[in-house]
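K.L.:
Got a structure for you, questions after.
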Amino acid sequence: MAAGGLAGLLPAQTQLEYALLDADTAQEKENLVYQYLKKMDSRERDLAVPELGGDLQWLNTEGPISLHKDLYGKVVVLDFFTYCCINCLHLLPDLHALEHQYSDKDGLIIVGVHSAKFPNEKVLDNIKSAVLRYNIVHPVVNDADATLWHELEVSCWPTLVILGPRGNMLFSLVGEGHREKLFLFTSMTLKFYKERGQIKDNNIGIKLYRDSLPPSPLLFPGKVTVDNSGERLVIADTGHHRILVTQKNGQILHTVGGPNSGRRDGRFSEAAFNSPQGIAIKNNVIYVADTENHLIRKIDLELEVVTTVAGIGIQGVDKEGGAKAEEQPISSPWDVVFGNSISGTQEDDVLWIAMAGIHQVWALMLEGGKLPKGSDLKKGVCLRFAGSGNEENRNNAYPHKAGFAQPSGLSLASEEPWNCLFVADSESSTVRTISLKDGAVKHLVGGERDPLNLFAFGDVDGAGINAKLQHPLGVTWDKKRKLLYVADSYNHKIKVVDPKMKNCATLAGTGEASNVIGSSFTQSTFNEPGGLCVEESGRLMYVADTNNHQIKVLDLETKILSMALPILHPEACDVPDNLPVQKAKITNLPKLPKSAPNVQLPSLTVAPGQTIQFLLKLTLPPDSKLNEEAPNSWFITAEDNTWLLQGQCLSGEIKDVSCQTIIPFQLPRSCLSAEAILAIKACLYYCSKGSSACMMKGISFSQPLQIGGTNQGLTQIELIHAFLTN
């Protein structure tokens, strides 16, 4: 039992901390720590850490680990963390650096003790996702009931506890920002016990969770936005450390950065990001919240160049700002959105920033102008707009006196009577508003009245304070309907808020963390959706379904959730974007057998620029299996209307007939005819299970198109066929 928990360390360590403040040289500091260790080691009774329960779930290991058996002879750093907490995330680079310097062979092991704040964080699968998302490579134990937390009387996240080789507590470090002490205490502990022959160099069975995962086109996409035309999407592919610009059918136009993290400006192929989140696009310029680099980046799609416009690449602690943006340290920016100053002559002359790392909302002046309750500011200045920097749920008429708790999503409603920023304030589980007239910060939904209570979460539809959310990460304003949509991330739902009545209701999701495409919004499921956006027309909503590694498309008029947006690489397509179709490419497509049936589909009325998804579902005869080595494929032709095929992906593989294949198609914006016929064809090779015979079968679907009228957004057409005989 830990006698007195961490409190037992307090007298001696406090004395050490004061002595270290007076020490001038590294040698003096090392001597002080060495003498402290001698004193702690000679105690009559160790401050021992209790054994972890044998029934706890472990990640990144080959099996459960015993502190007193497997880790005997090791210096152990226990990291008490919860994956929602920005301060815990700020500590991870320090731990990465420490485990890079000392391995288990050197006698050091870091163990993450996950002690959940939110109920959703107790679920092992969600912790797995966080371990992967934040590249945690040391063992992590899911202490869902916070047993060790309570035994040691830990009081806040993050807390580090350094143990000697007998499981004896030696040091604790509370909060972030103790890198120098962490390295000093750890290195001296290793030295002290190595001299006494008590450090063992045996390996610990590490088995990284990330090594067991298949590749995915997207990895933990955090945010998504759509340009004003509705034709281009911008996706923060956070886990791949890159930004994707795609057509609305998912075909990639630009890949910027990735797949590894880094910090580099330059051409798209050279640029590097580190877990980018928020994105905002206007014309051919994209601003990016480069979260773990603590930077704001600018992507110029015409010049194909990335530059840094704010931040110095080091986590900032300044809570006022006011310097030139490229000289101003900032901290974990999580979202960005364009807005207008109150005196500026240009539209979108401010970039609002959700500065999650210091619990504030900042402004980057893209032009000279004035902010509410502020003075005139020069172009290029970056400064705090709202939030004291204290982690609170505090509303106030004066923006600097208000308090936020890890603001993670922003959306602007510039029209009257709103004229405000909506803020997804994740750690207070609220949505708040900031007036762009006078800067007043007000409550909209969620949380409770006590500004210091950050535990007022739940999943309750209702009005104002009676509504409950759980760690919402994203918000988006629907100009057409005057409604706000919320990514209620830890409830795995999309919610809709009427800001006039303060009503909050579930729009989509069941509350279960899974990946089901249902026949309606309320039968479909998500897994920690982190961001969302609505196109200008108000028809389609795009959701970054983060832990499902997908962008989901919701039709707000039909209330149908479509399949996840397919991410199509240009190199997988036969026709490059915006280039004429080459006849040579068409002749390379496979020819169907003469026996292939031709299915005539009903005529479809479409508009220029409209997106169609063909959902191909083919069934093989009984006792047959697909020959996976053969070139099973779909392809599109339009014999008398080749203009239809410009910029399209003309063919693709069919890898699995047990699930439907999505074939995206977008009509050109300029159509040369009011009528056309599109042919969607499939060619399969399959074998009878009872023999070695292999067949080739084909099917063709003819889709007549009537072109005219208004764009109806995404249209889905099912292509179903069963091959009956071998």
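K.L.:
Can you give the FRET efficiency to the nearest 0.05 for residue 180 and residue 514, using r as the Cβ-Cβ distance and R₀ = 35 Å?
P.N.:
E between residue 180 and residue 514, to the nearest 0.05, is 0.20.
K.L.:
Considering the Cα trace of segment 293-383, what is its radius of gyration and what is Dmax, both in angstroms?
P.N.:
12.6, 38
K.L.:
I would also like to ask the following. Quick one: P(r) of segment 589-722 from all Cα-Cα pairs, 10 Å bins, percents rounded to integers, in order of increasing distance.
P.N.:
12, 43, 29, 13, 4, 0
K.L.:
Using the C-alpha atoms of segment 346-426, what convex hull volume per residue, in cubic angstrom, is computed?
P.N.:
Per-residue hull volume (Cα only) is 92 Å³.
K.L.:
Return the ratio Rg/(2.2 N^0.38 Å) for segment 314-570, where Rg is computed over Cα atoms only.
P.N.:
This ratio for segment 314-570 stands at 0.98.
K.L.:
For segment 1-145, take every pair of Cα atoms, bin their distances at 5 Å starting from 0, and report each bin as a whole percent.
P.N.:
Per 5 Å bin, starting at 0, the Cα pair percentages come out as 2, 8, 15, 18, 19, 18, 11, 7, 3, 0.
K.L.:
Sticking with this structure for a sec: Express in nm, to one decimal, how much length is gained between residue 559 and residue 21 on full extension, taking 0.36 nm for each residue of separation and deducting their alpha carbon distance.
P.N.:
187.5 nm
K.L.:
Follow-up question, since we're still on this one. Taking the Cα atoms only, what angle lies between the long axis of helix 86-101 and the longest principal axis of the chain, rounded to 10 degrees?
P.N.:
Relative to the chain, helix 86-101 is tipped by roughly 80 degrees.
K.L.:
Among the aspartates and glutamates, select those whose C-alpha is under 19 Å from the C-alpha of residue 480, and discard any that sit fewer than 8 residues away in the same chain.
P.N.:
Within the straight-line limit of under 19 Å, residue 480 reaches these aspartates and glutamates: 227, 231, 415, 416, 498, 535, 536, 555, 557.
K.L.:
Using only Cα atoms and rounding to the nearest 10 degrees, what angle (0 to 90) does helix 26-41 make with the longest principal axis of the chain?
P.N.:
The helix 26-41 is inclined about 80 degrees to the chain.
K.L.:
For segment 352-450, what does the relative contact order come out to in percent, with C-alpha contacts under 8 Å and a separation of six or more? Intermediate values should be presented prior to the final figure.
P.N.:
Working: 253 pairs, mean separation 22.2, N = 99.
The value is 22 percent.
K.L.:
For the chain, what is the relative contact order in percent, using Cα pairs closer than 8 Å and at least 6 residues apart in sequence?
P.N.:
Taking the mean separation of contacting Cα pairs over the length of the chain, I get 7 percent.
K.L.:
May I ask for the distance between the Cα centers of segment 397-431 and segment 115-184, given as a whole number of Å?
P.N.:
About 30 Å separates the Cα centre of segment 397-431 from the one of segment 115-184.
K.L.:
When the helix-only estimate is applied to the chain (DSSP H runs of n ≥ 4, each -39,500 (n - 2.57), divided by the residue count), what is the mean residue ellipticity at 222 nm, nearest 500 deg cm²/dmol?
P.N.:
After summing the helix terms and dividing by residue count, I get -3500 deg cm²/dmol.
K.L.:
Pairs of alpha-carbon atoms within less than 8 angstrom and 6+ residues apart define the contacts here; what relative contact order does segment 6-211 have, in percent?
P.N.:
Dividing the mean separation by the residue count of segment 6-211 yields 31 percent.
K.L.:
Let me ask something else. For the chain, report the accessible area per residue in Å² (1.4 Å probe, heavy atoms, rounded to an integer). Before the final figure, lay out the partial values.
P.N.:
On the way: 29430 Å² over 726 residues.
It amounts to 41 Å² per residue over the chain.
K.L.:
On to the next question. Translational diffusion coefficient of segment 390-472 at 37 °C, 0.692 mPa s, Stokes-Einstein with Kirkwood Rh over Cα pairs, in µm²/s as a whole number.
P.N.:
Approximately 263 µm²/s, per Stokes-Einstein.
K.L.:
Now for a separate question. For the chain, compute Rh as the Kirkwood radius over C-alpha pairs and then the Stokes-Einstein diffusion coefficient at 37 °C and 0.692 mPa s; write the answer in µm²/s, rounded to an integer. Show your work: numbers first, answer last.
P.N.:
Values: Rh = 28.0 Å.
The diffusion coefficient I find is 117 µm²/s.
K.L.:
Beta carbons within 10 angstrom, averaged per residue: use that to sort the peptides 228-239, 600-611, 389-400, highest first.
P.N.:
Final packing ranking: 228-239, 389-400, 600-611.
K.L.:
Among DSSP beta bridges lying fully in segment 589-722, give the percent that are antiparallel, nearest 5. Walk me through the numbers on the way to the answer.
P.N.:
Working: 30 of 45 bridges.
Within segment 589-722, antiparallel bridges account for around 65 percent of the total.
K.L.:
Carbon and sulfur: what percent of segment 589-722's accessible surface (1.4 Å probe)?
P.N.:
Exposed carbon and sulfur together represent 50 percent of the surface.
K.L.:
Summarise the accessible area of segment 454-527 (1.4 Å probe, protein heavy atoms) by the percent that is carbon and sulfur. Present the calculation step by step, with values, prior to reporting the outcome.
P.N.:
Values: 1440 of 2700 Å².
Answer for segment 454-527 is 54 percent, counting heavy atoms of protein chains only.
K.L.:
As a test, work out the antiparallel percent of DSSP beta bridges whose residues both lie in the chain, rounded to the nearest 5.
P.N.:
85
K.L.:
In segment 6-211, carbon and sulfur make up what percent of the accessible area (probe 1.4 Å)?
P.N.:
Carbon with sulfur: 49 percent of the solvent-accessible area.
K.L.:
So for segment 226-341, what are the equivalent ellipsoid semi-axes in whole Å, largest first, each being the square root of 5 times an eigenvalue of the Cα gyration tensor?
P.N.:
Working from the Cα gyration tensor, I get semi-axes of 23, 16, 12 Å.
K.L.:
If you don't mind, another one. Students often check this: by mean Cβ neighbours within 10 Å, which of 680-686, 259-265 ranks highest, and how do the rest follow?
P.N.:
Numbers: 680-686: 21.7, 259-265: 14.0.
Ranked from most to least packed, the peptides come out as 680-686, 259-265.
K.L.:
I would also like to ask the following. Please report, in whole Å, how far the alpha carbons of segment 313-448 spread along each principal axis, starting with the longest.
P.N.:
Computed over the Cα atoms, the extents are 38, 38, 21 Å.
K.L.:
Could you tell me how far the Cα centroid of segment 44-70 sits from the Cα centroid of segment 292-308, in Å?
P.N.:
That distance is 45 Å.
K.L.:
How far apart, in nanometres, would the label points at residue 30 and residue 594 be if each is projected 7 angstrom from Cα along the Cα-to-Cβ direction?
P.N.:
8.8
K.L.:
If you find the alpha carbon centre of segment 216-278 and of segment 538-554, how far apart are they in angstrom?
P.N.:
15
K.L.:
May I pose another question? Given that compact globular proteins tend to follow 2.2 N^0.38 Å, what is the ratio of the alpha-carbon Rg of segment 184-261 to that value?
P.N.:
Ratio of Cα Rg to 2.2 N^0.38 Å: 1.95.
K.L.:
Take peptides 419-426, 10-17, 367-374 and line them up by average Cβ neighbours within 10 Å, highest first, as a rough protection proxy.
P.N.:
Top to bottom by mean Cβ count within 10 Å: 419-426, 367-374, 10-17.
The values are calculated or read from the model by the stated rules, or taken from the named source; none is laboratory data. These numbers were taken from a predicted model, which means no experiment stands behind them. Here the Cβ is made from the backbone with ideal geometry for all residues, glycine too, and neighbour counts use every protein chain on show. To get the accessible areas, we keep the full protein, side chains included, count just its heavy atoms, and leave off ligands, DNA and RNA. Shrake-Rupley method; radii C 1.70, N 1.55, O 1.52, S 1.80 Å.
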